[in-house]
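To start, I am sharing the structure in question, which I have written as structure tokens.
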Amino acid sequence: MSHAEPLSLPSYLDQPPEVVAHLAELYRRRTVMRIDGLSKLFGSGAEEVVALRDISFDVHHREFISVIGPSGCGKSTLIRILAGLDYPTAGQVLVDGLPVEGPGADRGMVFQGYTLFPWLTVKQNVLFGPSMKGTPKLRAEEKALEWLRLVNLSDFADAYPSQLSGGMKQRVAIARALANQPRILLMDEPFGALDAQTRASMQAHLLRICGQVNITILFITHDLDEAVYLSDRIVVLGARPGRIMEIIEVPVSRPRSPNQFLSGSFLSTKRRLEELIHHVEISAKPESEMMAEVYG
């Protein structure tokens, strides 16, 4: 009986002309965030843990850049530092050339948990940031309704979070972050708790938002399909300590659609990510554990 030949795919380094042109235009844009020699240590002495080591990359205006890596590689630590919620041991983060020294209005944050105020309506949740900044009430309400229209939740403006599905709650969280008009939206596995169908819907919503809003997105995910589908570039971190293994320019043309999941460019990029993640997961295991797997 004959066996099927392995799928022959183009190299993930082969970029169609439209992708070459898109990336060339992207690199001409200004750098809005620079991560320069970032390292993070926890503990000291014999208990010292190196979470991140010498992380450096630039994020360009209106770029969508994802960060992936095996569990425990420091993805969430990295994004907390970028948000100003934690501090590096070495290196720095610059936004528009200025060092990040704490949370700021130039960066919005969306977590995996919905983090909505349950006692406020959907509209009141979106209004919260602008109201705290002193935006006049009528203007703030007008803008809040615009953001709710953008995420297709106008009909739920007066609903409470408990009345919403998980995907709807996350759309409110995105609208609330965008209402503060940040330069950069930081997203820490925002769709990780959603079922597959809702996750696909949220990815489509996010791509549509990217096309309509002047925003730069740095997105943490463990889902390889999601990283390829959404991103211009993907930063792959190795495990313990988290360090950059490779930065991949996604060779999939825009606009993106679900039909591209089976394209050669998409599959070859995913295969490269699997190679990198599989390698670092094996490398991170103790030798005794790897020998046990080999000899059973």
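The values are calculated or read from the model by the stated rules, or taken from the named source; none is laboratory data. These numbers were taken from a predicted model, which means no experiment stands behind them. All Cβ positions, even for glycine, are placed from backbone atoms using ideal geometry, and neighbour counts span all protein chains on display.
Of the residues Ile217, Ile209, only one is at pLDDT below 95 and of a type outside the set (S, T, N, Q); which?
Result of the check over Ile217, Ile209: Ile209.
Now for a different question. For Gly102, state whether it is within 28 Å of Ile55 (Cα to Cα), in contact (Cβ under 8 Å) with a residue 40 or more places away in the chain and out of contact with any Cys (no Cβ under 7 Å at 6 or more places or on another chain).
no
Can I ask one more? Check whether at least one residue in the stretch 192-199 is touching a Gly at 6+ places or on another chain (Cβ under 7 Å) and closer than 26 Å to Asp36 by Cα, and report yes or no.
no
Exactly one of (1) without any contact (Cβ under 8 Å) to a residue 24 or more places away in the chain; (2) within 25 Å of the chain's Cα centre (by Cα) is unmet by Phe117. Its number?
Checking Phe117 against (1) without any contact (Cβ under 8 Å) to a residue 24 or more places away in the chain; (2) within 25 Å of the chain's Cα centre (by Cα), the one that fails is (1).
Would you mind finding the one in Leu38, Leu9, Leu13 that is farther than 14 Å from Val250 by Cα, touching a residue at least 40 places away in the same chain (Cβ under 8 Å) and in a loop (DSSP other than H, G, I, E, B)?
Leu9
When Gly97 is evaluated against the numbered criteria (1) assigned by TED's automatic domain parsing to the domain that holds Gln203; (2) over 19 Å from Gln181 (Cβ atoms); (3) buried (at least 18 other Cβ atoms within 10 Å of the Cβ), which criterion, by number, is the only one it fails?
(3)
Conditions (1) among the basic types (Lys, Arg); (2) crowded, with 16+ Cβ neighbours inside 10 Å; (3) free of Cβ contacts under 8 Å to residues at least 12 places away in the same chain; (4) in the same structural domain as Met245 (by TED's automatic domain parsing), marked per residue:
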position: Ser71; (1), (2), (3), (4): no, no, no, yes
position: Thr89; (1), (2), (3), (4): no, no, no, yes
position: Gln124; (1), (2), (3), (4): no, yes, yes, no
position: Trp147; (1), (2), (3), (4): no, yes, no, no
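OK, next. Only one of Thr198, Thr135 is of a type in the set (S, T, N, Q) and closer than 27 Å to Leu78 by Cα. Can you tell me which?
Within the list Thr198, Thr135, the selection yields Thr198.
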